1. Taking the label point 7 Å from Cα in the Cβ direction, how far apart in nm is B:Asp82 from each other copy of itself, listed shortest first?
2. How much mean residue ellipticity at 222 nm does chain D get from its helices, if each DSSP H run of length 4 or more adds -39500 (n - 2.57) and you divide by all residues, to the nearest 500 deg cm²/dmol?
3. Ordered by packing density, taken as the mean number of other Cβ atoms within 10 Å over each peptide's residues, highest first, how do D:17-23, A:119-125 rank?
4. Cα extents of the range C:79-154 along the three principal axes, largest first, in whole Å?
5. Compute the angle between helix B:41-56 and the longest alpha-carbon principal axis of chain B, please, reported from 0 to 90 degrees and rounded to the nearest 10.
6. In percent, how large is the relative contact order of the range A:19-153, given Cα pairs closer than 8 Å and 6 or more residues apart?
7. To check you understand DSSP bridge types, tell me what percent of the beta bridges within the range B:18-153 (both residues inside) are antiparallel, rounded to 5.
8. Computed over the Cα atoms of the range A:12-154, what is the ratio Rg over Rh, Rh following Kirkwood?
Number of protein chains: 4
Amino acid sequence: MSKISPDRSATSGWIEHDIHHLPIRVYYEDTDFSGRVYHASYLRFCERGRSELLRHYGYSHLDLAKEKNTSSVLFFAVHHMDINFLASAEIDNVLTVHSQFTGSSGARLFINQNISNGDDPVLRANVTVVSLDSNGRPCRLPTKLRSIQLNAFS
Amino acid sequence: MSKISPDRSATSGWIEHDIHHLPIRVYYEDTDFSGRVYHASYLRFCERGRSELLRHYGYSHLDLAKEKNTSSVLFFAVHHMDINFLASAEIDNVLTVHSQFTGSSGARLFINQNISNGDDPVLRANVTVVSLDSNGRPCRLPTKLRSIQLNAFS
Amino acid sequence: MSKISPDRSATSGWIEHDIHHLPIRVYYEDTDFSGRVYHASYLRFCERGRSELLRHYGYSHLDLAKEKNTSSVLFFAVHHMDINFLASAEIDNVLTVHSQFTGSSGARLFINQNISNGDDPVLRANVTVVSLDSNGRPCRLPTKLRSIQLNAFS
Amino acid sequence: MSKISPDRSATSGWIEHDIHHLPIRVYYEDTDFSGRVYHASYLRFCERGRSELLRHYGYSHLDLAKEKNTSSVLFFAVHHMDINFLASAEIDNVLTVHSQFTGSSGARLFINQNISNGDDPVLRANVTVVSLDSNGRPCRLPTKLRSIQLNAFS
């Protein structure tokens, strides 16, 4: 009843075979009156996955946003998503978001994501994000992020 | 300061050339710390557009969900979305969601949607929704909805 | 089927007896798996009501945020809320948010809000918001807003 | 770079001195254009805390909702909240939600909650939830939950 968890921080997931895994509990807020998870909630889950993927590579949104160099990346904006909704999920389910960099080009970063419920696939998405500078203009990805790309797929 | 609006109901938009138009004000809740609209908020806006499009054809989610016939449509679930994010939008902007049926097939309904900010395109999406019965299984679309399809594109 | 609405802008509500009225349609996004409106959705509705109340007095969040004077109001932050949830609401319902300034003190603005579903009360809230400057410090309310207070209750 | 976390499930927090602790990472979705956490996001965080508190006592929303006995608890609805917003929080922060049962009465359950950012208090809330049966009517709390109350404060 009062088991002490060994890890008291928020789950930030883990990397395995270049794929980031983030477990996510479904709460009231994620569901809708159909009794299942609201479709746009999965996009929030995917965004958490991408944020934790970036964190594993040493980037935090807060640090990026506080960057003083006006030509540096400040934000990532979603540019394109192709999403297949494969199955529904319910409150209390623990889903896993899988996120993998699949390439980059200039300001664009390509990421494959899928969400599973145990062994069952729930969603599959191809996502393109764009790095933006302080003027909201596309700018080159951070060097470290580009080089990680190369390592991951060489 | 105390102008009385002639129309005191919630805006449900209007149809013009088979395209439904729904004006949507951007509020605090729709934005994120980048200062712009959070990407998943646009999916909520699109869903409002589809709900009002259905309402214009005489369907309400509440009525559908209360249907006693177990083989009738109870819910619509999003099956596939392909989304291009074309520009950002800000708080206080009034966006317009344009929604148009483009076809149907069995349980599936195809809808084109785009969001504009004045004359500027903000988002373009192709959406497939599926009608589900009380067991969560795909079921044929309501007759009226299928026939409306035919009229719209004949 | 293709009735043209006379008012093609987003509903911004109206003022009557010093009370702002904002009609709000309940969508999928606002509900949870209990089949009713998710409790925190009402706070989003209240915030829309406060934003439209401010707009009726000539203030937009976008203009305030772009203010260059560093001691001017940039944002409003919620400081305190006391909320009674009186009844549930369902998808497709059209609720009305009623918002009224009840006083001000320095950086603080007091607002009474309630939400009704037709004649039925759904929620009642007392809200205190604080005006913040560019350093996130409380700052005096805009003069115009304070004087409106006085007029409203003299 | 590819550290394997020992705990691969979603964080469900832990109990210490009758207080449940749930760590929560702030993501894009939780923020608004002021650059800070959107006020209603904290209510979602509190709800996650209450759900995990109930889970520690053996209750899941999914199990409760599937209960066939029509006079049994199906849902918990928030009845009253008194909320003080004490400080702002930012993206990437790891907050902790503290939740404690403080009593019960018939269908009502009283819970104290606060949210901290490291050592800094962010929010303090008193919450009353009500247990509802399949007809949406208040019903007695589950026996086990009432007895836990007594143990906790004897």
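1. The answer, with the shortest distance listed first, is 0.7, 5.6, 5.6 nm.
2. Numbers: 3 runs with 32 residues, N = 154.
My calculation for chain D gives -6000 deg cm²/dmol from helical runs alone.
3. Working: D:17-23: 17.9, A:119-125: 16.1.
Highest-to-lowest ranking by the protection proxy: D:17-23, A:119-125.
4. The Cα atoms of the range C:79-154 stretch 40, 31, 20 Å along the principal axes, largest first.
5. Here the helix axis deviates by roughly 50 degrees.
6. Taking the mean separation of contacting Cα pairs over the length of the range A:19-153, I get 28 percent.
7. Working: 38 of 38 bridges.
Around 100 percent antiparallel, to the nearest 5.
8. Working: Rg = 15.8 Å, Rh = 15.8 Å.
That ratio equals 0.99.
The numbers here are math on the coordinates, done by the rules we state, and not lab data. As the structure is a computational prediction, the values presented were derived from the model and not from experiment. Note that each Cβ is placed from the backbone with ideal geometry, even for glycine, and that neighbours are counted across all protein chains shown.
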